Amino acid sequence: MLRDKNLIPLSHQHQRALALCVRLDRALQAGEVDTEPWQAEIQQIVEQEIIIHLAAEEKEVFPAAKGDPELEAIVKELIDEHGILRALFARVVHRTLDSAGLRALVATLSQHIRKEERQLFEGLQKRLSPEQMTALGKGLAQALADASNACILPNEATRLRPKS
């Protein structure tokens, strides 16, 4: 199903977060990873975009699922996952994630994003009227207004390298 235009800002943020996950996963698979630069980059993204993103979902998107038992169950899982992600992000800020912690972050974040995109967003698009989707989009635009639209470039230690 094509993504409704009112959810596209969240989907774009999801794409950026998944790109980070892919880069980090490849680095972890390649061997030794210097966790400091990765945590610095993740912290920057969290502070500029992800914290605002999570709050926008909780304020605008999750309440839109009310009245649909299947979507409400998904939202409950997503709220729990937001808590897990916030705990991982707090460890990033304190620079306490080792390689195993970074692996956990990649797995948790990528799985969470896919659940939102494939289950919640698809369900909302089927359930909500065009007018409700427009109202949701207006609420999201306000909630996401403070998120950075800047492209955060990987630093030397976190950029993708060709396979040898």
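The values are calculated or read from the model by the stated rules, or taken from the named source; none is laboratory data. It should be emphasised that the depicted structure is a prediction, and the values quoted were computed from it without experimental measurement. All Cβ positions, even for glycine, are placed from backbone atoms using ideal geometry, and neighbour counts span all protein chains on display. These area figures cover heavy atoms from the full protein model, side chains too; ligands, DNA and RNA do not enter into them. Shrake-Rupley method; radii C 1.70, N 1.55, O 1.52, S 1.80 Å.
Values for this structure:
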item	result
Contact order normalised by residue count of the chain, Cα under 8 Å, 6+ apart, percent	46 percent
Total lysine pairs under 17 Å (Cα atoms) in region 1-134, excluding pairs fewer than 8 apart on one chain	6
Order of exposure, largest accessible area first, which applies to 58, 116 with probe 1.4 Å	58, 116
Between 0 and 90°, nearest 10: helix 8-30 axis offset from the chain longest Cα axis	30 degrees
Share of carbon and sulfur in the accessible heavy-atom surface of the chain [1.4 Å probe, %]	55 percent
Accessible area per residue in Å² at 1.4 Å probe, computed on the chain	55 Å²
Chain lengthening between residue 77 and residue 114 when straightened (0.36 nm per residue, less Cα-Cα)	12.0 nm
Equivalent-ellipsoid semi-axes of region 19-82, from the Cα gyration tensor, Å, largest first	32, 15, 8
Loop-resident sites, region 43-97, for trypsin sites (Lys or Arg not before Pro), counting at most 10 other Cβ within 10 Å (DSSP)	66
Listed residues 47, 41, 36 arranged by accessible area, highest first, probe 1.4 Å	47, 36, 41
Bins of 10 Å from zero: percent of alpha-carbon pairs in the chain	10, 39, 32, 16, 4, 0
